[in-house]
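I have placed the structure first, in the form of structure tokens, so that the comments after it can refer back to it.
The values are calculated or read from the model by the stated rules, or taken from the named source; none is laboratory data. Quick caveat, the model's predicted, so the values are computed rather than measured. Every residue, glycine among them, receives a Cβ derived from its backbone with ideal geometry; neighbour counts consider all protein chains shown. Just so you know, the surface numbers come from the protein's heavy atoms only, side chains and all, with ligands and any DNA or RNA stripped out. Shrake-Rupley method; radii C 1.70, N 1.55, O 1.52, S 1.80 Å.
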Amino acid sequence: MAGFWGRRRREEEALAAQDADLARRAEQALVAADERIRTTADELVFAQAELGESLTSDLHAALSAVRTHMREAFQLHQLNHDEIPDTVEELRTRNARIVQLCEWAENLLDEKTGELAETVAKVRRAPEIIAQVRRDAEALGIRIPHARDTVQRLSSRYADSAMHRIADSADEAAQLIAFATHGAEVSERRRAAKQNEEANLALETATEAVRRAAAILDAVEDFEIQALRAESTLADVVADSRGDIMAARTAPQTPEVVAGVTALEKALMSLAPAGSRNDPFAELTELRTANSALDAAVAKARHRAENPLPSVAQVQHALDDADRQLGVARGLIAGHRGWIGADARTRLAEAERLRVDVPAMLPAEDTRELALSSARRVAQLASEALQLAQRDIDSSRPQQQGWGGDNGWGGNGWNGGGRRGGGGDIVSGVLGGLVIGSILDGIFD
């Protein structure tokens, strides 16, 4: 007993120490959170003066939310120190809630002040960013004449349908460069007028305009490489397509194969003559589509030749067989509901569910194989249901005892040592006759 009470006292002392530590952490967290709210409020005032209301709205909203929720923490702290005595559990719950609220407040303010610090740094680097925008705009402007020459040179080689993606690229880039330069000037004027919010917006749009202009000019230079790759790939696909057409001649000539060969030949004939302006991208797409369709048709035809499609009569025969087995199983189970277990009923229900879906699969060639397999599955499930039902009936049937004795009823006659009560064997015989009669009736019906 001494060991038990000693262990219990140690556990109580450890729990009391944990509660004391939690109370100390709650007070420290409350003080730290209160100080953090004051310092964040001061930072917000300076940031609003430098950035404006729009760029500091997230921190303002976060600070308002923290102040609202921290009222609960201060109220809980006040309840911990009022004159009304509290239980240990109440103090523990309140202190845990105070710590939770303070940690949430610290994390939220850390996140929003970090985002604001990035914005402040970007604003303070505005003169440097403006100078970089102007340098980039000047460098991109030098590339404009080269882009015009490239578009003009490629236009003599490729069709308008291929060139439409870069035909106006030089003009678009020139407009974006002019917009970026103007945006940089607007940003400087707004900053000089202490309109920092408008200055930041103008600077962001100028930076984005420079980025888009560079992407457009890069696309002009990349176009020629992409077109050359498309032409090289197109030559390979043409050679492959001609080989596929030759191979398709030896495949089973199904309507899909014939149509696929015709479509691929048409695509090959529609290719632009050598030396003329062409669209390698569109030609490659059209040829690949026709080539893939022919490959799929040939593969399907060969598969069908190796695996003949079952006829409608074959599927119907399997379905008739399944219906017969379903009828026998359904009749047996319906006639002995109280004796049939869940396994047999589940097999029968699954078979009937599959049977409903088979007729819709029968007409279409794509689903006829599935119809045949489903019909066979219905028959299998019906057979299993019948076997399981027969097993359940056999296990539930009263056992015959004592037949064939000296007096024809076994052993000691009606009240001989066979069963208790003279009517036991008669009941067994009657029940057995009913079961056998029901089975025979179900089969012959």
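Summary table below
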| item | result |
| --- | --- |
| Estimated distance in nm for a label pair at A342 and Q175, the labels positioned 7 Å out from Cα along Cα-to-Cβ | 7.1 |
| Furthest towards positive pole of dipole, Q152, G52, A371, structure part the chain, Cβ charges | A371 |
| Lysines with Cα under 18 Å of K112, excluding same-chain neighbours fewer than 8 positions away | K122 |
| The stretch 158-231 versus the stretch 99-135: alpha-carbon centroid distance in Å | 27 |
| Net charge contributed by nearby residues that have their C-beta within less than 15 Å of L271 (K/R +1, D/E -1) | -3 |
| Per-residue ³J(HN,Hα) for the stretch 289-305, Karplus 6.51 cos²θ - 1.76 cosθ + 1.60, θ = phi - 60°, Hz, x for Gly and Pro | 4, 5, 5, 5, 5, 5, 4, 5, 5, 5, 4, 5, 5, 5, 5, 5, 5 |
| Descending semi-axes in whole angstrom, ellipsoid equivalent of the stretch 174-277, from the Cα gyration tensor | 58, 15, 10 |
| Student exercise, the stretch 172-274 dipole from Lys, Arg, Asp, Glu Cβ charges, in Debye to nearest 20 | 160 |
| Per-pair calculated FRET efficiency, R0 = 41 Å: V356 and Q390 via Cβ, rounded to 0.05 | 0.95 |
| Apportionment of accessible area to carbon and sulfur, the chain, percent (1.4 Å) | 55 |
| Most to least packed among 388-395, 305-312 [average Cβ atoms within 10 Å] | 388-395, 305-312 |
| For the chain, calculated [θ]222 nm from helices alone, where every DSSP H run of n ≥ 4 adds -39500 (n - 2.57) | -29000 deg cm²/dmol |
| Among A26, N107, V66 the positive-end extreme of the charge dipole of the stretch 1-155 (Cβ point charges) | N107 |
| Equivalent ellipsoid semi-axes - Cα gyration tensor, the chain, angstrom | 77, 60, 15 |
| Potential extension, R212-T250 segment - 0.36 nm per residue separation minus Cα distance | 8.3 nm |
| Magnitude of the charge dipole, the chain, Cβ model with Lys/Arg +1 and Asp/Glu -1, debye to 20 | 1220 |
| Probe 1.4 Å, protein heavy atoms only - accessible area per residue of the chain in square angstrom | 60 |
| Sorted peptide list for 236-246, 47-57, criterion being average Cβ within 10 angstrom, highest first | 47-57, 236-246 |
| Centre separation in Å (Cα based) which lies between the stretch 363-382 and the stretch 1-80 | 68 |
| Whole-percent pair-distance distribution, where bins are 10 Å wide, for the alpha carbons of the stretch 28-70 | 28, 50, 19, 2 |
